[in-house]
Amino acid sequence: MKQRKANSVAEAVTGIKNGDVVLIGGFGRGGVPENLIEAVCERKLRDLTIVSNNAGTGHTGIARLLEEGCVRKMMCSFPLAAESIVFQELFARDAVELEVVPQGTLAERIRAGGAGLGGFLTPTGVGTDIAAGKQVLTVAGRDYLLETALRADAALIKAHRVDAVGNLTYRMAARNFNPIMAMAADHVVVEAHEEVPIGGLDPECIITPGIYVDRYCICPKP
Amino acid sequence: MAHPEFAAKALDRDQMARRVAAELQSDWVVNIGIGMPTKVIPHVPAERDIIFHSENGIIGMGPEIDGVNEVDNDLLSAGKRPVSLNPGGSFVHHADSFALARNGRLDATILGAYQVASNGDLANWKLPGARAGNIGGAMDLAAGARRVLVMMTHVTGKGEPKLVERLRYPPTALGVVRKVFTDLAVLSVTDKGFHLDEIVEGLTPEDVQRVTDAPLYWQTAPAAIRVLTREKG
């Protein structure tokens, strides 16, 4: 059996490299792999592109990655939340690039990336700034934007439970982007709240099958 | 905020929320966005069975929870505030949450706005000339929901009209707004522009027109315009 369990958070993130595009799960404070993000910060990586719904809050998590100069570009739907103080400061002086993506389009681009698709047609953003440079196709009389799939080098995932095979469950709305991100990256790293033996997860309730998971570590505290 | 001239007559946020809540019908699936719309849930009449959707994958969201000692970060609203899950509620991942937003399952979404135009164009994500803005789920919800209901003050903090003939702010979606609920009036978007459905007690249709950039039309018989009362819900 493939050895997926890392002995520490630091060991779990050794596969992340300079210049990687990294998907990071979470919405607000729910389902954010805080421990993995902190461990990536410790590695002082550079030129990362971070894909996540928000651009970090306060000075921890994604905000710390930004503050320590690890991030070249942010892709998110809601970059200028009041709590995203670090991002706003960097963006104001052009120290970080930004691509704002409508939230549903961001999710679907990731889903498409994990589903082996090249892209999809969405009514979202037709006639707005988001449509600039994108192809508009008309299907059954309605206009759609052609949006391309998004795949990444790595994904940082927060799960509730994990077994030794890497199967994952999530807790309530902490699921958010995590299951789709786990399918859309070449190297998938998970922080789980709790580990259970093989067979300890009801197969009917497993949201992410372990085949998508490369490394996991156990972090009882968020 | 209300136009200074009408501040004493304008509805407060709870009263606006109460009016929007009255619009929601039994068995509707309704998306609640961030900001002012979150105030709507507690005002839904008890006999109406409405399923609230939150973009972060909650189907069957309950009201915000106040005064809890320990916030459960795994159950937050789109506005990142602690909420409850109603019995029978469920969770989906983000792609499925927005599939639901686009696939016709949302009977309504309640959004805030910077401006709404006579033709139903909506602006709520970016200021004119700004380098960036917050889209969040607004573009998907506006493009996908069966009814886009806007809840906003009638004018800006500086007294500028928000109901306009043509958008001056970058659009979120074109031709989508069905109805607008302000602190002074309720208006429907029609082929002929904004129809004044209801006005707050103590104002005339002409008063509302004076603080509105877009031309309004209304039925001339006074009884045809419902009066919004300011009593507490």
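Among the residues of the stretch A:191-222, those identified as buried (at least 18 other Cβ atoms within 10 Å of the Cβ) and either within 13 Å of chain B (Cβ to nearest Cβ) or not hydrophobic (A, V, I, L, M, F, W, C) (or both) are A:GLU191, A:HIS193, A:THR208, A:GLY210, A:TYR212, A:ASP214, A:ARG215, A:TYR216. Of all residues in the stretch B:95-148, those that are among the aromatic types (Phe, Trp, Tyr) and under 15 Å from the mean Cα position of the chain (by Cα) total 2.
Here the condition is being crowded, with 16+ Cβ neighbours inside 10 Å, in contact (Cβ under 8 Å) with a residue 12 or more places away in the chain and in contact with a strand residue (DSSP E or B) (Cβ under 8 Å, 6 or more places away or on another chain); of B:HIS93, B:HIS154, it holds for B:HIS154 alone.
In the stretch A:68-75 there is no residue that is part of a strand (DSSP E or B), touching a Gly at 6+ places or on another chain (Cβ under 7 Å) and within 14 Å of another protein chain (Cβ to nearest Cβ). From the list B:GLY79, B:GLY88, B:GLY62, B:GLY33, the one residue that fits, being surrounded by fewer than 20 Cβ atoms within 10 Å (Cβ to Cβ), within 30 Å of A:HIS193 (Cβ to Cβ) and under 15 Å from the mean Cα position of the chain (by Cα), is B:GLY79.
You will find that of B:ARG146, B:ARG131, the residue that is away from chain A (no Cβ under 12 Å) and surrounded by fewer than 24 Cβ atoms within 10 Å (Cβ to Cβ) is B:ARG146 and no other. Among the residues of the stretch B:20-30, at least one is in contact with a Phe, Trp or Tyr (Cβ under 6 Å, 6 or more places away or on another chain), buried (at least 16 other Cβ atoms within 10 Å of the Cβ) and either of a type in the set (Asp, Glu) or within 28 Å of A:ILE180 (Cβ to Cβ) (or both).
Contact annotation: residue pairs with Cβ atoms under 9 Å, 6 or more positions apart or on different chains, pairing a residue in the stretch B:65-83 that is in a strand (DSSP E or B) with a partner that is of a type in the set (S, T, N, Q), are B:LEU76/B:SER54; B:LEU76/B:ASN56; B:PRO82/B:ASN73; B:VAL83/B:THR38; B:VAL83/B:SER54; B:VAL83/B:SER77.
Within the stretch A:45-64, at least one residue is part of a loop (DSSP other than H, G, I, E, B), aliphatic (A, V, I, L, M), within 14 Å of chain B (Cβ to nearest Cβ) and surrounded by 20 or more Cβ atoms within 10 Å (Cβ to Cβ). For A:VAL188, state whether it is closer than 22 Å to A:GLY28 by Cα, surrounded by 14 or more Cβ atoms within 10 Å (Cβ to Cβ) and β-branched (Val, Ile, Thr). Criteria met by A:VAL188. Residue count for the stretch A:130-149 under the criterion of being assigned to a strand (DSSP E or B) and either within 28 Å of A:GLY25 (Cβ to Cβ) or of a type in the set (Ser, Thr, Tyr) (or both): the result is 6. Do the conditions hold for A:GLY119, that is, is it surrounded by fewer than 19 Cβ atoms within 10 Å (Cβ to Cβ) and away from every other protein chain (no Cβ under 13 Å)? Spelling it out, A:GLY119 is indeed surrounded by fewer than 19 Cβ atoms within 10 Å (Cβ to Cβ) and away from every other protein chain (no Cβ under 13 Å). Of the residues making up the stretch B:149-170, just one is in contact with a helix residue (DSSP H, G or I) (Cβ under 6 Å, 6 or more places away or on another chain) and within 11 Å of chain A (Cβ to nearest Cβ), namely B:PRO170. When the stretch A:150-173 is filtered for residues that are of a type in the set (A, V, I, L, M, F, W, C), within 14 Å of another protein chain (Cβ to nearest Cβ), under 20 Å from A:LEU65 (Cβ atoms) and not in a loop (DSSP other than H, G, I, E, B), the ones remaining, listed by number, are A:ALA155, A:ILE157. Is it the case that B:GLY104 is under 17 Å from B:PHE181 (Cβ atoms), within 14 Å of another protein chain (Cβ to nearest Cβ) and in a loop (DSSP other than H, G, I, E, B)? No: the conditions fail for B:GLY104. For the stretch A:76-91, the set of residues classified as modelled with pLDDT of 95 or more, within 10 Å of chain B (Cβ to nearest Cβ) and touching a Lys or Arg at 6+ places or on another chain (Cβ under 9 Å) consists of A:PHE91 only. For the stretch A:188-218, filtered to residues that are in contact with a His (Cβ under 8 Å, 6 or more places away or on another chain) and assigned to a loop (DSSP other than H, G, I, E, B), the residue that is nearest to A:ASP153 (Cα to Cα) is A:ASP214. Of the residues making up the stretch A:93-111, those that are more than 9 Å from every other protein chain (Cβ to nearest Cβ) and either in a helix (DSSP H, G or I) or farther than 20 Å from A:ALA154 by Cβ (or both) number 4. Only one entry of A:ALA39, A:ALA10 meets the criterion of being surrounded by fewer than 20 Cβ atoms within 10 Å (Cβ to Cβ) and of a type in the set (A, V, I, L, M, F, W, C), and that entry is A:ALA10. For the stretch B:149-160, the criterion of being over 30 Å from A:GLU108 (Cβ atoms) and among the aliphatic types (A, V, I, L, M) is satisfied by at least one residue.
How many residues are more than 20 Å from B:PHE52 (Cβ to Cβ), touching a residue at least 24 places away in the same chain (Cβ under 8 Å) and basic (Lys, Arg) if we restrict to the stretch B:123-151? Of the residues in that region, 1 qualify. The residues listed here are B:VAL189, B:VAL208; of these, the one that is out of contact with any Leu (no Cβ under 9 Å at 6 or more places or on another chain), crowded, with 21+ Cβ neighbours inside 10 Å and under 20 Å from B:ALA17 (Cα atoms) is B:VAL189. Starting from residues that are away from chain A (no Cβ under 14 Å) and in a helix (DSSP H, G or I), keep the ones in the stretch B:36-59 and report whichever is surrounded by the most Cβ atoms within 10 Å (Cβ to Cβ). Of everything passing the filter in the stretch B:36-59, B:PRO37 is surrounded by the most Cβ atoms within 10 Å (Cβ to Cβ).
The values are calculated or read from the model by the stated rules, or taken from the named source; none is laboratory data. On a predicted model such as this, the values are computed, not experimentally measured, just so you know. For neighbour counting, all protein chains shown are included, and Cβ atoms are generated from backbone atoms with ideal geometry for every residue, glycine included.
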